[in-house]
1. In region 26-51, how many are crowded, with 17+ Cβ neighbours inside 10 Å and in contact with a helix residue (DSSP H, G or I) (Cβ under 8 Å, 6 or more places away or on another chain)?
2. Could you list, in sequence order, the residues of region 113-137 that are open to solvent by 70 Å² or more (accessible area, probe 1.4 Å) and either more than 16 Å from the chain's Cα centre (by Cα) or of a type in the set (D, E, K, R) (or both)?
3. Out of the residues in region 52-68 that are in contact with a Phe, Trp or Tyr (Cβ under 9 Å, 6 or more places away or on another chain) and free of Cβ contacts under 8 Å to residues at least 24 places away in the same chain, state the one that is surrounded by the fewest Cβ atoms within 10 Å (Cβ to Cβ).
4. Residue under question is V149, and the condition is that it be within 22 Å of W90 (Cα to Cα) and either over 16 Å from the mean Cα position of the chain (by Cα) or of a type outside the set (K, R) (or both); does it hold?
5. Pull up region 138-168, narrow it to residues that are among the polar types (S, T, N, Q) and assigned to a helix (DSSP H, G or I), then point me to the one that is most open to solvent (accessible area, probe 1.4 Å).
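The values are calculated or read from the model by the stated rules, or taken from the named source; none is laboratory data. Keep in mind it's a predicted model, so treat the numbers as computed, not measured. Note that each Cβ is placed from the backbone with ideal geometry, even for glycine, and that neighbours are counted across all protein chains shown. We work out accessible area using only protein heavy atoms, side chains counted, and drop any ligands, DNA or RNA first. Shrake-Rupley method; radii C 1.70, N 1.55, O 1.52, S 1.80 Å.
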Amino acid sequence: MNRVAVVGSGGSGKSHVARELGRLLDAPVTHLDAVYYDDGWNPQPPEKFEVAQRELVAEPCWVIDGNYNSSLHVRLEACDTVVMMDVPTWAALRGIFSRQLRHGAGQHTSGVYNRIHWGVIKYVATYRRRMRPKVLAKIDEFAAGKQVVFLTSRARTRRWLEQVAAGR
C-alpha cells in the first residue's frame, strides 16, 4: 500500500482512517475538504480542484480521503488501494454529530471540516441509496484489479488498522 484513496459517506471515519494509515505507512495525508474549500468556505472551481488532485496523485506515496464524485476517477486511476468506508447510515449520522461535538465547527488544520447544515444531514442520510452505487460503479470502472477494502463498522476498521500495523 503506497497510494491509498479513502472514500465513503460523511461521518463514516474517512479522516480518522486516513490519518492512521498515513502514520502507519509514513505517507502524507490529504483531506480533500481542505483542498476544495478555502478559509471562507468557498469551493475551488472544478477544473482547478481536479488539477490539484492530479498534482497530489503524481507523488509516489499518499493517502487521500474524500469523495468528490466528479473527480473520483483521478484518485482511483492513480491509487493501488481503495478503502471504502461502508458503515450504516445511522453510524455515519452519529459520526457527523460526534465530530461536531469533538471539534466544533469550521475547517481545522488537521483537515477536519465541520459545517453541519440540512444539506449535509440529507447527503449523509441518503448516501447509501443515492451516492454509494455511483461510487461503487466508479471503483469497478477505474480501480479494477486494485485492492479494495470495505470497512463496514468501527470495530472492523479498528481490526483492519491493527492488521495493517502488524504487517509493517
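1. Summing the residues that are crowded, with 17+ Cβ neighbours inside 10 Å and in contact with a helix residue (DSSP H, G or I) (Cβ under 8 Å, 6 or more places away or on another chain) in region 26-51 gives 8.
2. Scanning region 113-137 gives R115, H117, W118, K122, R128, R129, R130, K134.
3. Per the criteria, the residue is A52.
4. Here the answer is yes, as V149 does meet what is asked.
5. It comes out as Q163.
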